[in-house]
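Taking it in order: structure first as structure tokens, then the write-up.
The values are calculated or read from the model by the stated rules, or taken from the named source; none is laboratory data. What you are looking at is a predicted structure, and each value in this text was computed from that prediction instead of being measured. A quick note on method: Cβ atoms are made from the backbone with ideal geometry, for glycine too, and the neighbour counts reach across all protein chains shown.
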Amino acid sequence: MSGRYELSDPPDALQLAFGVATVPAFEPNGDIRPTQSALIVRQTYASDARAADPSAREFALARWGLVPPWAKDIRFGLRCINARAETIDRLPAYRVAFRHRRCLVPANAYFEWSGDPARRVKWRVELPDAPLFALAGLWERWVDGASGATMDSYTIITCKAGAAIAEIHGRMPVILDGSRYEDWLEGRGTPRELLVPYAAPLRLTRVAALDSDSELVAPA
């Protein structure tokens, strides 16, 4: 499970990377955790789909842990932090969002753990040639039946890990190539074909360790 990631770049870097003019106020966070709010990039939302420009993007703040519209309360999101690519089009919590509400999850790095539970090692995983990148995600809008308040939430999609990451964990978040952002958001072609291990090199660094622990690896 991918349960921590970092987004610490300033708004101007986010605007440039994702081609969106306005970034809502947010706090840079080196350790984003489930149930916290963070930025996502999605197609501009409109309650009337006919009024939406399918090529327009926006940043939005959303809660990590997807809550589908039919969930009784937001605690449902605790079981929907990650969505497995293999079943994303079949499970009730994700299948509608997969068809209609895909998003990008901006990140500077994500974190994974390896080793014995009693002596786990924390790893920082990043792209050596792209300090800001995007994870594939889904989002949903939930309405509180009691108060009528709305809340947007999201999940991060995971796939089987490439060879290098598999040494520390069996799965990894889907990292999208920058040239395929529009394909994912707009559903061009077959979105499922994008849900594969990242093919370019990744850098793994043991957190709070010496620089010699930094290693450049290329997933298979």
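A compact table of results
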{"item": "Gly137 surrounded by fewer than 16 Cβ atoms within 10 Å (Cβ to Cβ) and either more than 19 Å from Arg4 (Cβ to Cβ) or within 18 Å of the chain's Cα centre (by Cα) (or both)", "result": "no"}
{"item": "Search result, residues across segment 177-193 that are assigned to a loop (DSSP other than H, G, I, E, B) and under 15 Å from the mean Cα position of the chain (by Cα)", "result": "Asp177"}
{"item": "From the options Arg57, Arg4, residue that is in contact with a Phe, Trp or Tyr (Cβ under 8 Å, 6 or more places away or on another chain) and either at positive phi or modelled with pLDDT under 95 (or both)", "result": "Arg57"}
{"item": "Residues satisfying the stated conditions in segment 118-176, i.e. aliphatic (A, V, I, L, M), touching a Pro at 6+ places or on another chain (Cβ under 7 Å) and not in a strand (DSSP E or B)", "result": "Leu132, Ala161, Ala163, Ala164, Ile165"}
{"item": "Segment 123-134, residues that are among the acidic types (Asp, Glu) and surrounded by fewer than 17 Cβ atoms within 10 Å (Cβ to Cβ)", "result": "Asp129"}
{"item": "Test: residue in segment 146-165 that is modelled with pLDDT of 95 or more, touching a helix residue (DSSP H, G or I) at 6+ places or on another chain (Cβ under 6 Å) and surrounded by 15 or more Cβ atoms within 10 Å (Cβ to Cβ)", "result": "yes"}
{"item": "Hey, Val196 over 19 Å from the mean Cα position of the chain (by Cα), more than 24 Å from Pro117 (Cβ to Cβ) and at pLDDT 90 or above or not", "result": "no"}
{"item": "Filtered residue count, segment 1-42, keeping only those that are without any contact (Cβ under 8 Å) to a residue 12 or more places away in the chain, in a loop (DSSP other than H, G, I, E, B) and not acidic (Asp, Glu)", "result": "2"}
{"item": "Residue among Arg75, Arg101 that alone is modelled with pLDDT of 95 or more, among the basic types (Lys, Arg) and within 14 Å of the chain's Cα centre (by Cα)", "result": "Arg101"}
{"item": "Hits in segment 98-124 (condition: out of contact with any Ser or Thr (no Cβ under 6 Å at 6 or more places or on another chain) and within 17 Å of Ala38 (Cβ to Cβ))", "result": "Arg101, Arg102, Cys103, Leu104, Val105, Pro106, Ala107, Ala109, Phe111"}
{"item": "Some residue of segment 154-161 being more than 18 Å from Gly65 (Cα to Cα) and among the β-branched types (Val, Ile, Thr)", "result": "no"}
